[in-house]
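Below you'll find the structure, written out as structure tokens, and then a few comments.
The values are calculated or read from the model by the stated rules, or taken from the named source; none is laboratory data. Remember, predicted model here, so these are calculated numbers, not experimental data. Cβ coordinates were reconstructed from backbone atoms using ideal geometry, including for glycine residues, and neighbour counts include every protein chain displayed.
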Amino acid sequence: MHKRLLIVGAGTGGLMVANFVARDLYLEIERGDIDVTLLGEQDTYTYQPGFLYVAFDLMRPAQLMRPVRELLAPGVQFIHDRALRIDAGGHQVTRAQGEPLAYDVLVLATGSGLNLEEVPGMGEGAHWFYTLDGALRLRDALRHWQGGRLVLTVGVPHKCPVAPLEFTMMFEEWTRRRGVRNKTEIVYSYPLGRAHSIESVADWAASELEARDVKIETFFNLESVDPEHRVAHALEGTDLSYDLLVAVPAHKGDDLGASSQLAEAGNWYPTDRQSLRLHSQEDIFVLGDATNLPISKAGSVAHFQAEVLADNLVGLLTEGSPPFNHYNGRAFCFIETGLERATFIAFDYDHPPTVPEPTNAVHWFKQTYNRIHWANLKAVM
Amino acid sequence: MASVTPRMVNRLGGVAESTIAALDLLTSPEIVELLSTLQRASAVLTPLLGQIAEIGPGAGMEGLAERVMNAVAAGANEVGVPPRPVRVGEMLRLLRQDPAVAIALRFFLGFVRSMWSPVPSE
């Protein structure tokens, strides 16, 4: 019986699921028993963790981008278009430029984006490294940095929960190398009463930042930015003046969830924490940033979820079996602690992370991974 | 001791990606299937290898090319692997057009033969 798998979103999660399934079911695809279709608004994939390095002139944008079609396993059909609405009852997805796409099984890997509107003045007064344009603007600002006060703020939720710490520690070493550390004051703020949402990471980060003479400002929820006077205002009533404001904006899910009336507040899809099935929908699954799960929004999470989901999809498409493989909340994050040292954290739903001593080897491993990430996406590694 | 540098990592990343991609290609279902098919057809193909070396751009080549491809297709049919008429047709076209392709095929078959012993004739 002919089955159609439709995956919406050609980011890390969508590409991996499509490629894993296509590699497992190449015979069925070749026979025409199964279609694997990837629907993506962008036809160029961008490796977002690389933005951090772009800001410091350590990677070029061209190193982070590949055409989506070059990343597909044989058998995956790619459609470059924007999904507009999911008709769950009718089993189809309407799109901007073509006929609706019918499906038997739907995977939502629509990711997340910046919610800049939430904080008045942020778009004009702040820099960020969460988009390529933003990273390039920040790079240009850093190229002219001669000293002053850098303030970093963090909105929640946001992608890659350790990236604000990475930026702060990389910037601190970067100013030392440029000979402007003694003219630079660094303020790291966080919306909670500690330096990170994960307690063990917060404890570790506090000592690392203190050792680098970085000031920590807790309970700082950015409410507005005054670009003219260069002041960041917090909900708590605190003000921080700055010469350079680096904001980690809060994120929100794609509009598709809201327009389809399938998402909840923030446009996050209510998702089963183990099967990754969309609540109340038998044939729709969600992975990556788009879920409402209380886990990191990170590429590694999308990767681990993609492996679990692909196994379940293969069973569902070939035998009609219910999800048998469970996602356990697994996540892995490298943490750059400067320009030549790094550590990592690994954790899941039941096991919080510990932070090993940073090493030079982990840093270079991360650098190498940045350059062979493509093999992961293609599901060959 | 010299440290790792960004350029070393760039180069290493490029080499690693190329190597992984090449391994992925060599282990793809199509290549594995082709090699398996050639192995099964080796009893027929092996005697032809010597003749291929003497082939020129003449009518004799077409006949030999047909025999080679038929042997490949027969090997495929023996175990129920679907023949690939489009690919076979394309290879035949190339063989007819360009004698160099026939020579390349000879080297390829020689490589395959060096990997496996010929299947004994019944």
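Observations on the model:
Condition check ((1) within 23 Å of the chain's Cα centre (by Cα); (2) surrounded by fewer than 18 Cβ atoms within 10 Å (Cβ to Cβ)) across all residues:
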site: A:Gln77; (1), (2): no, yes
site: A:Arg82; (1), (2): yes, yes
site: A:Asp87; (1), (2): no, yes
site: A:Leu101; (1), (2): no, no
site: A:Val119; (1), (2): yes, no
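- Here A:Phe304 fulfils each of the conditions (1) in a strand (DSSP E or B); (2) free of Cβ contacts under 8 Å to residues at least 40 places away in the same chain; (3) among the aromatic types (Phe, Trp, Tyr) apart from (1).
- Entirely in segment A:122-179, the helices (runs of 4 or more DSSP H) that have 3 or more residues that are crowded, with 16+ Cβ neighbours inside 10 Å: A:132-143, A:163-177
- Residue within segment A:7-20 that is crowded, with 18+ Cβ neighbours inside 10 Å and over 22 Å from the mean Cα position of the chain (by Cα) present: no
- A:His373 meets the conditions (1) within 12 Å of chain B (Cβ to nearest Cβ); (2) within 19 Å of the chain's Cα centre (by Cα); (3) assigned to a loop (DSSP other than H, G, I, E, B) in every case but one. The failed one is (3).
- Considering residues of segment A:356-370 that are touching a Lys or Arg at 6+ places or on another chain (Cβ under 8 Å) and not in a helix (DSSP H, G or I) only, the residue farthest from the other protein chains (Cβ to nearest Cβ): A:Pro358
- Residue in segment A:335-343 that is at pLDDT below 95, on the phi < 0 side of the Ramachandran plot and among the hydrophobic types (A, V, I, L, M, F, W, C) present: no
- If you filter segment A:344-381 down to residues that are at pLDDT 95 or above and β-branched (Val, Ile, Thr), you find that the one that is surrounded by the fewest Cβ atoms within 10 Å (Cβ to Cβ) is A:Thr354.
- Filtered by the rule that a residue be crowded, with 17+ Cβ neighbours inside 10 Å and either of a type in the set (A, V, I, L, M, F, W, C) or touching a Pro at 6+ places or on another chain (Cβ under 8 Å) (or both), segment A:198-222 gives A:Ile198, A:Val201, A:Ala202, A:Trp204, A:Ala205, A:Ala206, A:Leu209, A:Val214, A:Ile216, A:Phe220, A:Asn221, A:Leu222.
- Each residue in segment A:137-155 was checked for being polar (S, T, N, Q) and either assigned by TED's automatic domain parsing to the domain that holds A:Phe51 or touching a Leu at 6+ places or on another chain (Cβ under 6 Å) (or both), and 1 of them qualify.
- Number of the condition not met by A:Asp283 [criteria: (1) touching a residue at least 40 places away in the same chain (Cβ under 8 Å); (2) of a type in the set (Asp, Glu); (3) not assigned by TED's automatic domain parsing to the domain that holds A:Leu15]: (3)
- Identity of the residue in segment B:1-32, more than 8 Å from chain A (Cβ to nearest Cβ) and in a loop (DSSP other than H, G, I, E, B), that ends up surrounded by the fewest Cβ atoms within 10 Å (Cβ to Cβ): B:Met1
- Looking only at segment A:204-220, residues that are assigned to a loop (DSSP other than H, G, I, E, B) and in contact (Cβ under 8 Å) with a residue 60 or more places away in the chain come to 1 in all.
- Residue match in segment B:33-44 (condition: within 14 Å of chain A (Cβ to nearest Cβ), out of contact with any Gly (no Cβ under 6 Å at 6 or more places or on another chain) and modelled with pLDDT of 60 or more): yes
- Total residues in segment A:38-60, condition more than 14 Å from chain B (Cβ to nearest Cβ) and surrounded by fewer than 16 Cβ atoms within 10 Å (Cβ to Cβ): 4
- Look at segment A:337-355: where a residue is within 14 Å of another protein chain (Cβ to nearest Cβ) and in a strand (DSSP E or B) and a partner is surrounded by fewer than 20 Cβ atoms within 10 Å (Cβ to Cβ) and among the hydrophobic types (A, V, I, L, M, F, W, C), sitting 6+ places away or on another chain with Cβ atoms under 9 Å, you get A:Ala342/A:Ala361; A:Ala342/A:Val362; A:Ala342/A:Phe365.
- Boolean, A:Val201 is in contact (Cβ under 8 Å) with a residue 60 or more places away in the chain, outside any helix (DSSP H, G or I) and within 21 Å of the chain's Cα centre (by Cα): no
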